[in-house]
Structure formats: structure tokens, C-alpha cells
Amino acid sequence: MTTRTVNYSANALKTAPAIRKKLWLAAIKPPMYSVAIMPIMVGTAIAIAETRTLQAGIFAIFVFAAILILAWENLANDVFDSETGVDVNKAHSLVNLTANKSLIFWLGNLCLATGLFGIGAIAAIQRDLTVVGIILVCCVLGYIYQGPPFRLSFQGWGEILCFFAFGPLAFAAAYYSQTQAWSGTNLAASTIVGVSTSLILFCSHFHQEADDAAVGKRSPIVRLGTKRAAQLLPWLCGSIFALTALCVWLGVFPVTTLLVFASLPIALKLCKHVGTNHNKPEKVSNCKFIAVALHFWSGIFLGLGFVLPQLLGFGAVLPT
Ligand SMILES: C/C(=C\COP(=O)(O)OP(=O)(O)O)CCC[C@H](C)CCC[C@H](C)CCCC(C)C
Ligand SMILES: O=C(O)C1=CC(=O)c2ccccc2C1=O
């Protein structure tokens, strides 16, 4: 690893404990872990709706493993970003907070190894390596997003990689871990959660436009400019609701999945906030958390929409 000299340690040690606590929380990003859990939850909900069985042990191992794999992704992100200069103004980078890149690097690797061990356990229980293969592809996407020599985030590919990792791939793995089969309904649902996850990454780049541009990171916000990116946002948010309505209309989803529309006010809040503040970094910086809320609630309502007919004792669980 090459080291670019970014030394926050002296300042960080002097920082007041309350501020340090806030920085640590921002560095660990607890709300972000819902992005790892959601594909497993919704993919499993669809498997329950279609097969009327739940393999609770496999579900629990998968959730635990997904959290650890996302922890690796985030720890590795702080390590790799410390080498490019893109995190030079990021006080809540774990590398900047600890001033110990090697510790964060190995902690990340430990999370990855433990997470993959969990996925391996699922494969051993099922005597089938399919889930391991799919999750390894997710990890490769996670690596090429940020690691050398690829660093595809610098070319603005992050949102596309994110869509496939947290959408079709993670959903396929979650559904397959429950059923050892594939499902078109699951694939359709994966596109909705894939879009809402990529939306988080898209929103996280608004306030970083200047820093990113300065080090040559051409995120979609740098490429489009904040104004055009803000104008694109309603279309991206709208696709979550349009895809859900289309799948219900086509008979791929049960009508109860229209519950997703209960998250429409969060989408409107996000578009309004970004529309007004897209070029004010200090104001727009919280839009990522509105996007996390949209992802969380639209995902919960989507998953609930699949199992609700069964919970309410309706006849057919999915349209025939
Ligand atoms: C680390 C990620 C974003 C941070 O991006 P950025 O460097 O711009 O942000 P900071 O300024 O905060 O440093 C997320 C990247 C996601 C990646 C494209 C795909 C990750 C795949 C996961 C490893 C897959 C996990 C699947 C799980 C459900 C089993
Ligand atoms: O730190 C971040 O900004 C993100 C971390 C992360 O793990 C993630 C995962 C999926 C979509 C977006 C993001 C982030 O934005």
C-alpha cells in the first residue's frame, strides 16, 4: 500500500469527547447497514410468499454475514480513499480518526473473512456453492469500486455496481439460500431495491462535489453538475413507484405491494430538499440520510406486501 501523508491524529486527539463520539458514529455509519439487510429480508419474504416456508437459521446467518461484508466494504473504503486524497477533508474517516491505516485494513479483512465464513456455512448446510459464487461476485464489485488498480468510483461507475450488488445479485443469493431455485418475481423486486440503494450512493456525492472534482473523482454529480443531478433525482425516485405499480399491473406482484406508496412522502421530501440545496454542501449533506430512510421504508413495505396476503390469510399468496 502506498501512503499519502494525511495525518489527523494530533487534531483528533485534541477534539472534544462529544465531537469525537459524533465523528466515530459518522465513521461507523450504523444506519447504512440497513442496505445490507434489506435484500436478504425482501428476497426471503418473496421466498416465504412463494414456498410458505422460512429457513430461519439460514436467514439469520445470511443477515450476520451481509453486515460483516458491508463492514469490510466500508473499512476498505476508508483505507483506499486515504491513498487517493479523496478523504483529505473527511474527519469521520476511520483511518483519519485512528491514524492507523494498517489496523483498519486488517479489521476490514477480518470482517470479510468472517462474513464469507458465514456464507460458506450456508453453502455447507445446502451442499451447494451457488450462494458463495454470487456473494464472491458482489465482493469483486465492491473491490473494483474502490480498490487499486480499478477504482471505478473515480469513473462514476459506483451507482451501476451498487445496483447489481444490492439488487439482482444479493436478491438472487438470498432467494436461492432459502429455496435453491430462482424466481422472476424476485428479480423484478431486486430492481426496485437496487435503484433505491444506488440512490443513496448518488445522494451521498452531492456535498462532496468540489472535493471529488479536485482529485479527479468523476462521480455522477461531478459529471452532471449538482443542478442537473438534482433534476434527475425525481425520475430516479419515481422509478421505484412506477416499477412497483407496473409489476402489480402485470400481475408479477400482489396488490398489497402497493404499500410501497406509503414511502412516497419521503421521496418527495428528498427531491424537494436536494432541489433547493443541491449547490449548498453544508445543507445538502444530510440528503444521504433521507435517501437511507426512503430505501428502508420502501423496502420494508415491499417485503411486507409480499407476506401480508399470507399473514392476513388470503387465498393465493402471489397472483397466479
Ligand atoms: C463504500 C461505499 C460507498 C462509499 O463511497 P464513497 O467513497 O464515495 O464515500 P465516502 O465519501 O463516504 O468515502 C459503497 C459501495 C458499494 C459498492 C459499489 C458495492 C458493494 C458490494 C458489497 C460488498 C456487497 C454486499 C452484499 C451483501 C448484501 C451480501
Ligand atoms: O459511506 C457511504 O456514503 C456509503 C456506504 C455504504 O456502505 C453504501 C452502501 C450502499 C449504497 C450507498 C452507500 C454509501 O453511500
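Note on Thr114 and Leu152: with the Förster distance fixed at 41 Å, the Cβ-Cβ geometry gives a FRET efficiency of about 0.95. Calculated FRET efficiency, Phe314 to Trp106, Cβ-Cβ distance, R0 = 45 Å: about 0.30 to the nearest 0.05.
I'd like the orientation of helix 34-51 relative to the chain: the angle between its Cα long axis and the longest Cα principal axis, in ° from 0 to 90, rounded to 10. Computed tilt is about 10 degrees. Label-to-label distance for Arg52 and Ala213 is 5.9 nm, based on points extended 7 Å past Cα in the beta-carbon direction. Taking the number of Cβ atoms within 10 Å of each Cβ as an exposure proxy, the fewest-first ranking of Lys217, Lys269, Lys101, Lys227 is Lys227, Lys269, Lys101, Lys217.
Considering helices alone, the calculated mean residue ellipticity of the chain at 222 nm is -23000 deg cm²/dmol, with DSSP H runs of length four and up weighted by -39500 (n - 2.57) and normalised per residue.
For the chain, the relative contact order is 20 percent, taking Cα pairs closer than 8 Å that sit 6 or more residues apart in sequence and dividing their mean separation by the residue count. Which shape class, rounded, prolate or oblate, goes with region 200-320 when its Cα gyration tensor gives a ≥ b ≥ c as root eigenvalues, a/c under 1.5 marks rounded, and past that a/b bigger than b/c marks prolate? The shape class here is prolate. Amide H contacts for Arg218 (H built 1.01 Å from N in the peptide plane; partners 5 or more residues away or on another chain; cut-off under 5 Å): Gln155, Gly156. Under Stokes-Einstein, with the Kirkwood radius over Cα pairs as Rh, the value for region 28-311 at 4 °C and 1.567 mPa s is 67 µm²/s. Each residue of region 249-260 was assigned a 3J(HN,Hα) from its phi angle through the Karplus curve 6.51 cos²θ - 1.76 cosθ + 1.60 (θ = phi - 60°); the sequence is 4, 7, x, 7, 10, x, 4, 5, 6, 5, 3, 3 Hz, with glycine and proline shown as x. With angles folded into 0 to 90 degrees, how steeply does helix 287-311 sit against the dominant principal axis of the chain? Use alpha carbons for both and round to 10. That works out to roughly 20 degrees.
Under 16 Å from a point 7 Å along the Cα-to-Cβ line of Lys283: which residues of region 189-218 have their amide N that close? Within reach of a label on Lys283: 206-208.
In this calculation the C-beta distance from Thr276 to Ile125 is compared with R0 = 56 Å, giving a FRET efficiency of 0.65.
In percent, how large is the relative contact order of region 187-307, given Cα pairs closer than 8 Å and 6 or more residues apart? For region 187-307, the relative contact order is 36 percent. With respect to the chain, whose longest principal axis is taken over its alpha-carbon atoms, helix 184-204 is tilted by about 20°. Model label sites at Ile144 and Ala262, defined 7 Å from Cα along the beta-carbon direction, differ in position by 3.9 nm. For the residues Asp211, Asp128, Asp87, a GNM of the chain with alpha-carbon springs under 10 Å puts the largest fluctuation on Asp128.
We did not get these values from a lab; they are worked out from the coordinates using the rules stated. These figures come from a predicted structure and were not determined experimentally. Here the Cβ is made from the backbone with ideal geometry for all residues, glycine too, and neighbour counts use every protein chain on show.
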